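Working notes for the structure below.
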Ligand SMILES: Nc1ncnc2c1ncn2[C@@H]1O[C@H](COP(=O)(O)OP(=O)(O)O)[C@@H](O)[C@H]1O
Ligand SMILES: [Mg+2]
């Protein structure tokens with residue numbers, strides 16, 4: 001079967017299945033289980049209506065249970081076992097993690113990522129949104145800034161490998177250095193501590209576009225009159241931006257910030273592609289990857305740690321997003 | 001000295017001219033109301049005075065100083081927007097204090113000014129609330145308070161009451177009138193499309209139409225001596241009736257023979273012998289129409305619709321041409337039996353207006 005046909009059939013089966021499910025389930029409920037007849041039809045109708053929401057929720061709950069709850073519980077369970085899953089070792093994997101200096105490096109680096117990347121992306125996105133909103137070629141600038149969003153993390157890393165390449169003929173950084181008269185090229189990826197920040201630059205480069213697009217929409221939603229009132233009140237452009245405009249979109253800023261934070265805690269591709277976790281650039285997801293298929297017990301333990309860290313950010317993110325929608 | 005003068009002021013957006021050749025002198029302490037149909041440029045003119053729109057022609061002076069290129073905050077004006085434009089993230093207190101904080105005033109000074117304004121506007125209990133926790137009327141008072149705190153030379157209001165419901169509109173209108181009375185030295189410019197607001201608040205009304213000023217004057221002058229058909233129909237509700245005719249007698253009192261039949265009607269508008277035979281339109285306000293049994297009348301028609309409002313009864317006469325505005329009469333008291341009757345209407349000569357070519361013959 002051609003892939004196109006395959007896709008069509010899948011869509012047909014999926015949509016048809018959904019329609020069929022709801023139709024049949026409702027029919028069953030209304031005709032067979034609680035028919036509006038018998039001794040007390042009114043009561044049957046209200047009972048059917050009480051059950052109906054669950055009918056609609058059931059497929060989603062089943063899917064979430066199968067693909068979300070089960071893996072979480074399963075992973076946790078697996079993390080209590082040893083390397084080959086043969087023997088139960090309790091929290092052994094977790095205590096091993098705590099004792100592993102590599103894990104602590106990863107944790108520390110991840111902390112840096114979480115502090116720097118969302119802050120930098122959001123800030124740069126905010127500035128870009130404001131600056132591009134008022135100029136004629138703003139939309140072109142916006143598209144350019146947004147473009148990296150369309151590139152996969154691995155693709156972006158490859159591009160930046162060229163930027164950071166250890167050769168003046170290839171690497172942008174070293175080309176600039178050579179232009180300034182420095183003789184020997186440097187490998188920026190190997191500079192201890194700072195190399196982590198060079199890796200972060202890649203994700204910031206990607207995420208600034210996202211922040212800019214969302215924040216630009218939010219900035220446009222600010223009523224012009226409040227800005228005009230601030231002009232009449234004598235505020236200068238900086239005061240207008242930081243004291244009148246930004247406070248009006250704090251909700252959106254928080255949503256953008258936390259969304260990027262969650263992403264940061266999951267991205268392993270950049271580190272994996274750029275350094276493979278070497279030169280002290282390890283972060284939790286790449287640390288996890290380095291154990292996957294070698295010691296699944298420990299890998300799942302790391303996964304669980306990551307989940308515990310993401311969870312509160314996520315809850316906050318959802319709460320804020322809901323508040324924004326109201 | 002004039003508090004504010006506009007000479008030859010105009011505004012174009014690219015090739016589109018919105019306002020042109022506006023000359024106006026506003027004295028210190030006046031409350032001038034700009035009225036005009038929607039889209040005639042009232043807001044644009046106000047925003048040019050505020051400095052939110054660039055003046056593309058002419059000069060604007062405040063207190064004798066040309067301010068065309070002076071930034072808004074230094075013009076000594078404060079503006080109250082239709083949508084209130086409160087800063088949603090700031091408490092009422094901070095909303096009012098913002099301008100003074102920006103200006104770098106001392107805390108004591110700011111507190112004193114905010115407290116004074118809040119007391120005057122009965123906003124003291126709400127000082128620590130956010131705007132979203134206030135009713136529409138309270139928000140509008142905060143917007144006014146934000147203006148008062150700055151103690152400007154000129155207050156600008158852009159349809160400040162149009163977002164309020166009818167009852168609140170009346171109450172706030174009276175508050176603004178009282179505010180003006182309490183601040184006799186401040187100049188206020190008030191934009192509205194509501195003629196009741198214009199008539200009740202204004203010391204002078206500026207009617208804007210056709211990119212310019214149609215007439216300026218005290219409210220009753222505009223009502224009694226409109227310069228043009230446009231002003232005559234714009235001020236007063238329902239609008240003035242206009243009837244075709246030709247001048248048949250001139251002098252202190254002018255006689256007009258009506259085109260639609262009937263006799264002649266007299267008007268106190270004086271005319272010269274040369275005017276004899278001139279085509280004119282006779283303007284009679286609905287409230288000036290009175291029924292007559294005589295042979296000389298301005299209009300004869302069958303009452304098609306009758307609106308009994310208790311205090312007055314409005315009669316809509318049948319039209320020959322369905323496109324034309326109906327002739328309307330507004331009689332005091334209750335006249336329930338008049339529907340379907342054919343009436344002859346006339347008016348006191350002192351209340352009959354004459355227009356030729358759209359211009360009033362009184363203002364030649
Ligand atoms: N930025 C603009 N560009 C072009 N035309 C405009 C702009 N702003 C207002 N106008 C035009 O100017 C006219 C006057 O608008 P406005 O002052 O808002 O009218 P009003 O307040 O009397 O209802 C309108 O016809 C409007 O279309
Ligand atoms: Mg307007």
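Per-residue answers, yes or no, for (1) within 11 Å of chain A (Cβ to nearest Cβ); (2) surrounded by 22 or more Cβ atoms within 10 Å (Cβ to Cβ):
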site	(1), (2)
B:68	no, no
B:80	yes, yes
B:83	yes, no
B:86	yes, yes
B:95	yes, yes
B:98	yes, yes
B:101	yes, no
B:104	yes, no
B:113	no, no
Do you know which residues across the range B:327-349 are in contact (Cβ under 8 Å) with a residue 12 or more places away in the chain, more than 17 Å from residue B:257 (Cα to Cα) and surrounded by fewer than 16 Cβ atoms within 10 Å (Cβ to Cβ)? B:332, B:333, B:334, B:336, B:339, B:340, B:341, B:342
Residue by residue through the range B:180-199, note down the ones that are crowded, with 19+ Cβ neighbours inside 10 Å and more than 16 Å from ligand 2 (Cβ to nearest atom). B:180, B:186, B:187, B:188
Whether any residue in the range B:8-23 is in a helix (DSSP H, G or I) and either touching a residue at least 40 places away in the same chain (Cβ under 8 Å) or farther than 21 Å from residue A:224 by Cα (or both) is what I want to check. no
Would you confirm whether or not the range B:36-48 contains a residue that is within 14 Å of chain A (Cβ to nearest Cβ), more than 9 Å from ligand 1 (Cβ to nearest atom), closer than 18 Å to residue B:205 by Cβ and buried (at least 22 other Cβ atoms within 10 Å of the Cβ)? no
Boolean, residue B:57 is away from every other protein chain (no Cβ under 14 Å) and more than 16 Å from ligand 2 (Cβ to nearest atom): yes
Which of the following residues is within 25 Å of residue B:45 (Cβ to Cβ) and touching a helix residue (DSSP H, G or I) at 6+ places or on another chain (Cβ under 9 Å): B:271, B:250, B:172, B:187? B:172
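Quick check: anything in the range B:139-157 in the same structural domain as residue B:93 (by TED's automatic domain parsing) and within 16 Å of ligand 1 (Cβ to nearest atom)?
yes
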Please work out if residue B:143 is in contact with a strand residue (DSSP E or B) (Cβ under 9 Å, 6 or more places away or on another chain) and either more than 22 Å from residue A:231 (Cα to Cα) or part of a helix (DSSP H, G or I) (or both). yes
Pairs where the first residue, in the range B:42-63, is more than 16 Å from residue B:77 (Cα to Cα) and the second is away from ligand 1 (no atom under 15 Å from the Cβ) and assigned to a strand (DSSP E or B), C-beta under 6 Å, 6+ apart: B:58/B:7; B:58/B:8; B:59/B:7; B:59/B:66
Matching entry among A:112, A:124, A:107 (being touching a helix residue (DSSP H, G or I) at 6+ places or on another chain (Cβ under 9 Å), closer than 24 Å to residue A:251 by Cβ and surrounded by 14 or more Cβ atoms within 10 Å (Cβ to Cβ)): A:124
Scope the range B:293-310; condition surrounded by fewer than 18 Cβ atoms within 10 Å (Cβ to Cβ), in contact (Cβ under 8 Å) with a residue 24 or more places away in the chain and part of a loop (DSSP other than H, G, I, E, B); matching residues: B:293, B:294, B:295, B:296, B:310
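Out of the range A:40-92, which residues are assigned to a loop (DSSP other than H, G, I, E, B) and within 30 Å of residue A:22 (Cα to Cα)?
As a first pass, look at the range A:40-92 and keep what is assigned to a loop (DSSP other than H, G, I, E, B): A:40, A:79-80, A:82-87, A:89-91.
Within the range A:40-92, just A:40 meets the criteria.
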Could you run through the range B:61-93 and say how many residues are assigned to a strand (DSSP E or B) and within 16 Å of ligand 1 (Cβ to nearest atom)? 2
Which number in (1) within 30 Å of residue B:108 (Cβ to Cβ); (2) touching a strand residue (DSSP E or B) at 6+ places or on another chain (Cβ under 7 Å) marks the one condition that residue B:60 misses? (1)
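The rows are residues; the columns are (1) touching a helix residue (DSSP H, G or I) at 6+ places or on another chain (Cβ under 7 Å); (2) within 16 Å of ligand 2 (Cβ to nearest atom); (3) not in a loop (DSSP other than H, G, I, E, B).
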residue: B:44; (1), (2), (3): no, yes, yes
residue: B:101; (1), (2), (3): yes, no, yes
residue: B:105; (1), (2), (3): no, no, no
residue: B:111; (1), (2), (3): no, no, yes
Among helices (runs of 4 or more DSSP H) entirely inside the range A:154-268, those with 1 or more residues being surrounded by fewer than 20 Cβ atoms within 10 Å (Cβ to Cβ) and more than 14 Å from every other protein chain (Cβ to nearest Cβ) are A:172-179, A:194-221, A:250-264
Taking residue A:90 and the conditions (1) over 30 Å from residue A:308 (Cβ atoms); (2) within 34 Å of the chain's Cα centre (by Cα); (3) exposed (fewer than 11 other Cβ atoms within 10 Å of the Cβ), which numbered condition does it fall short on, given that it satisfies the others? (1)
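This table checks each residue for (1) touching a residue at least 24 places away in the same chain (Cβ under 8 Å); (2) farther than 24 Å from residue B:300 by Cβ; (3) within 16 Å of ligand 2 (Cβ to nearest atom).
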site	(1), (2), (3)
B:173	yes, yes, no
B:201	yes, yes, no
B:209	yes, yes, yes
B:213	yes, yes, no
B:235	yes, yes, no
B:248	yes, no, no
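The values are calculated or read from the model by the stated rules, or taken from the named source; none is laboratory data. Predicted model only: the values in this text are computed from it and were never measured. Cβ sites come from the backbone with ideal geometry, for glycine too, and all protein chains shown count toward neighbours.
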